[in-house]
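Here the structure is laid out as structure tokens; the discussion comes afterwards.
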Amino acid sequence: MKKFIPQFIYERYLLREYHGVFRAGSMFFDIPGFTGLTEVLMKNGKEGAENLSEIIDKIFIPIINIISKRSGFITTFAGDGATVIFPGKEGISSSLLASNEIIEYFKKNKLFSTKFGKFPISIKIGLSSGNVSWGILGIEDHKEFYFKGNAVEGCARSEQKCEKMEVIFDNNVLKEVKDFVKTEKIGNGYFKLKEIILKEKEVEEIKTVSLNKKIISKFIPDTVINYTQKGEFRDIVSVFVKFKDPGTFKKLNMYINEIIVKARKYGGYLNHIDFGDKGSNLLVFFGAPISYEDNILRASNFAKEILNMETSIGMTEGTVYSGIIGNERRCVYTCLGDVVNLSSRIVMKTIPGEIWIPESLSLKIKDNFETSSVGKIEFKGVSKPLSIFKLGEAHNIKNDDFFSGEMFGRIKELKFLNKFIKPIFKNKFSGITYVYGDAGIGKSRLIHEFTENLKPGIETCLMQSDGILKKSLNPFIYFLNDFFKTINAKTNEDKLKLFEDVFNNFLSGLKNISATEKEFFINELERTKSIIGSLIGLTWKDSLYEQLESKSRFNSTIFTLKNFFKALSLVKPVIIFLEDFHHIDDDSYRVFEILIRDISDYPISILVTSRFNDDGTKPVLKADDSIMKSEICLSRLEHESISNLINNQLMNRVNKALFSLILSKTEGN
């Protein structure tokens, strides 16, 4: 098990200690030239990614080993740098000795060679010391951690005074080690390390401690824990959030809990929380480790939703290197490249309460959100000023209006789907149809087009699998929040009222039908009301749900959900749309297994969208042979449909050369 969290945090979590303060030496290192290297290799596809993975190992693994040998640990990786803590009374001397050893390594390894060129790499190291506050935050199944304080801020400020291949430290360090080092004063309160005359103690090799996967999965999603690739280039949206530190641990915990819930809602990955010299900030990725077809829209909605939480936000999109940096001593899943760096630089200039984006992103989001020009702004590391825009209000459209304009092709597929659901109009279960295809091939667009043209009087139940954390029963929770209109409830009282109103209307609808089994379902729904409510966070004192033991709760939930959909289908035919089946959690899979049994006389259709498994096989539900099963495998559009689509988008007929160029770049996707 890789050490995705510091050993310090792991041990405190086991001891049920969630926050505290200690004295430590601190280090911040930055690797100039690394981002440029990333951008060059990014242009060389898979082979470039493999080369970059090898160089990352050569750079970071020796650093991690040196730090670990000195009883230090990396708290946060920040692009091409990291913050390091050396706890205890020996922490300052340990940080000095580690810095010296790291500099010596880079003196011997100045140039990294690939078939795409030779790249000079160096390092800058800043040191400080003082108090370090730490904490473990989050909800039950998603934990985060942080380190902050004078030591964390101080080492980052020291690093800003550095030139390449220098170690700079402040007065906090000097007063502890002045008898053991030779220095050069470089400014008010800062010193350059010239020589260490401290007699070094023999250092014992620290053994790697095995970590429990169950504990690690509280902090890191299984998608990352089970990540086996060395690294890859992928398109992401980087959302850098600067926020006001609430002050107390309790308030900070409540604040981050809300961020976690909202990031999860939109499919984002909270990469880290950081308290450095640039203040309080956090970074959320959309598109890594899990990608959706509408990453930009998801990221924008997330950013808008947290804007009232005393934040300023910088948001960018593009291609990055993503993967695991480090080894068994300490590692992290992250994204590297100009895209991430630019979002961090934009947020530092963003006005509080606003979201700033570059012009390239503004053009991609303009159909969904208002944008307005902020002006041309200069940023560190960017050769010329960039046109920056403010993200405004969403246009008055529904989320499913993300698909605009005419759909081209897929006529056969639409006819197939319309034929598939015919049995529900005769009060029969029509079975399961799978729509398979790669990301971006048009699965969601096909389903959107199909639902837009359904006959009136059909209950469509959209369920979205959670690819980040695979939270238990997420597809059903997603649907129930939509069904009971509770997704945007601001208070628990609002949620309860909305739930009661919709639930009572549902029962009234059941009472008005002639089906013989309606009394059974009315009684069952009333009896299991607390189980349904529990899935969207509602509780009632002494309810059936609270009286059930853990195992009985899950079994009861399965059959409650089955009865719910059977009852729903008595009021009107039901089509269940299960999105991203390849991400489905185990508990939801089990519910579907039970749901599809013995419902032949209920007007229900189940339509599933999914990517292929990594080995090319197709994910399927375990179902009896008696259940009708069919599939659609989407491939690239035919040339005629692609030509019509291009002509429509460009509002002009394109020539063969331009058509061939677009086709080669998009691969028909």
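Tell me which of PHE28, GLY72, PHE60 sits at the most positive position along the dipole axis of segment 27-75, charges placed on C-beta atoms (Lys, Arg +1; Asp, Glu -1).
The listed residue farthest towards the positive side: GLY72.
Computed FRET efficiency, Cβ-Cβ of ILE522 and SER635, R0 45 Å: what is it to the nearest 0.05?
Working: r = 47 Å, r/R0 = 1.04.
That pair, ILE522 with SER635, gives E of 0.45.
Once you put a point 7 Å from the Cα of GLU54 and another 7 Å from the Cα of LYS618, both along the Cβ direction, what distance in nm separates them?
With each label placed 7 Å out from Cα toward Cβ, I get 4.0 nm.
Under the Karplus relation 6.51 cos²θ - 1.76 cosθ + 1.60, θ = phi - 60°, what is the ordered set of whole-Hz ³J(HN,Hα) values for segment 613-625, x standing for Gly and Pro?
Per-residue couplings from phi come out as 5, 4, 8, x, 6, 10, x, 9, 7, 6, 9, 4, 4 Hz.
Quick check: the angle from helix 91-108's long axis to the longest principal axis of the chain, C-alpha only, nearest 10 degrees?
The two axes meet at around 90 degrees.
How do GLU90, GLU159 stack up against each other in accessible area, from largest to smallest, with a 1.4 angstrom probe? Don't jump to the answer; show the numbers that get you there.
Numbers: GLU90 85, GLU159 20 Å².
Correct descending sequence by accessible area is GLU90, GLU159.
(1) 155; (2) 236; (3) 179: which one is volume of the Cα convex hull per residue in Å³ as calculated from this entry?
(3)
Can you work out D for segment 140-194 in µm² s⁻¹ from Stokes-Einstein, where Rh is the Kirkwood radius over C-alpha pairs, the temperature is 37 °C and the viscosity is 0.692 mPa s? The partial results should precede the final answer.
Values: Rh = 12.7 Å.
D, rounded to a whole number, is 258 µm²/s.
Counting other Cβ atoms within 10 Å of each Cβ, which trypsin sites (Lys or Arg not before Pro) in segment 156-198 have at most 16 and sit in a DSSP loop?
Those satisfying the criteria are LYS164, LYS178.
For segment 525-584 and segment 136-201, compute the distance between their C-alpha centroids and round to whole Å.
Computed from Cα coordinates, the inter-centre distance equals 54 Å.
When the Karplus curve 6.51 cos²θ - 1.76 cosθ + 1.60 is applied with θ = phi - 60°, which whole-Hz ³J(HN,Hα) does each residue of segment 233-238 get, with x for Gly and Pro?
9, 8, 8, 9, 10, 9
Could you point to the residue in HIS582, VAL608, PHE106 farthest towards the positive end of the chain's charge dipole, with +1 and -1 charges on the Cβ of Lys/Arg and Asp/Glu respectively?
The listed residue farthest towards the positive side: PHE106.
Share of antiparallel DSSP beta bridges in the chain, in percent to the nearest 5? Present the calculation step by step, with values, prior to reporting the outcome.
Numbers: 86 of 113 bridges.
Here the share of antiparallel DSSP bridges comes out near 75 percent.
So how tilted is helix 518-527 from the main axis of the chain? Cα-based, degrees 0 to 90, rounded to 10.
30 degrees
Sum -39500 (n - 2.57) across every DSSP H segment of at least 4 residues in the chain, then divide by the residue count to get the 222 nm mean residue ellipticity, nearest 500.
Working: 23 runs with 260 residues, N = 669.
So the helix-based figure for the chain works out to -12000 deg cm²/dmol.
Ranked from highest to lowest mean number of other Cβ atoms within 10 Å per residue, what is the order of the peptides 281-291, 50-60? Write down the numbers at each step before the final one.
Numbers: 281-291: 24.4, 50-60: 19.0.
Output ranking for 281-291, 50-60: 281-291, 50-60.
Could you tell me which of the pairs LYS161/LYS182; LYS251/LYS490; LYS428/LYS518; LYS148/LYS194 are separated by over 25 angstrom between their Cα atoms in the structure shown? Please report the intermediate quantities before stating the final value.
On the way: LYS161/LYS182 18 Å; LYS251/LYS490 18 Å; LYS428/LYS518 17 Å; LYS148/LYS194 29 Å.
Over 25 Å apart, Cα to Cα: LYS148/LYS194.
With the cut-off at 30 Å, tell me which of the pairs LYS164/LYS244; LYS2/LYS89; LYS262/LYS443; LYS115/LYS164 have Cα atoms farther apart than that.
Working: LYS164/LYS244 32 Å; LYS2/LYS89 28 Å; LYS262/LYS443 25 Å; LYS115/LYS164 26 Å.
Flagged as over cut-off: LYS164/LYS244.
Once the piece of chain linking LYS419 and ILE139 is laid out straight, how much longer is it, given 0.36 nm per residue of separation minus the C-alpha distance between them?
Value of the extension gain: 96.3 nm.
Taking the Cα of ILE351, stepping 7 Å toward and past its beta carbon, and measuring to each backbone N in segment 367-386: which are under 20 Å?
It comes to 369-379, 386, nothing else.
Roughly how many debye, to the nearest 20, is the charge dipole of segment 453-521 about its Cα centre, given +1 on each Lys and Arg Cβ, -1 on each Asp and Glu Cβ, and no other charges?
On the way: 9 positive and 9 negative charges, 31 e Å.
That gives segment 453-521 a dipole magnitude of about 160 debye.
Modelled label-to-label distance, LYS244 and GLU493, 7 Å Cα→beta-carbon offset: nm?
2.5 nm
Along the Cα-to-C-beta direction of LYS364, a point sits 7 Å from the Cα; which residues of segment 320-338 have their amide N less than 12 Å from that point?
320
For segment 547-620, what is the accessible area per residue in Å², given a 1.4 Å probe and the full set of protein chains?
Working: 3040 Å² over 74 residues.
Here the residues of segment 547-620 average 41 Å² of exposed surface.
Please compare each pair in LYS46/LYS380; LYS278/LYS349; LYS304/LYS366; LYS58/LYS192 to a cut-off of 22 Å on the Cα-Cα distance and tell me which ones are over it. Could the numbers behind the result be given before it?
Details: LYS46/LYS380 29 Å; LYS278/LYS349 11 Å; LYS304/LYS366 15 Å; LYS58/LYS192 26 Å.
Violating the 22 Å limit, Cα to Cα: LYS46/LYS380; LYS58/LYS192.
For the chain, which whole percent of the accessible surface, found with a 1.4 angstrom probe, sits on carbon and sulfur atoms? Write out the running numbers ahead of the final one.
Numbers: 15240 of 31760 Å².
Here carbon and sulfur together make up 48 percent of the probe-accessible area.
The values are calculated or read from the model by the stated rules, or taken from the named source; none is laboratory data. What you are looking at is a predicted structure, and each value in this text was computed from that prediction instead of being measured. Glycine gets a Cβ as well: all are built from the backbone with ideal geometry, and neighbour counts include every protein chain shown. All accessible areas refer to the heavy atoms of the entire protein, side chains included, with ligands and DNA or RNA removed. Shrake-Rupley method; radii C 1.70, N 1.55, O 1.52, S 1.80 Å.
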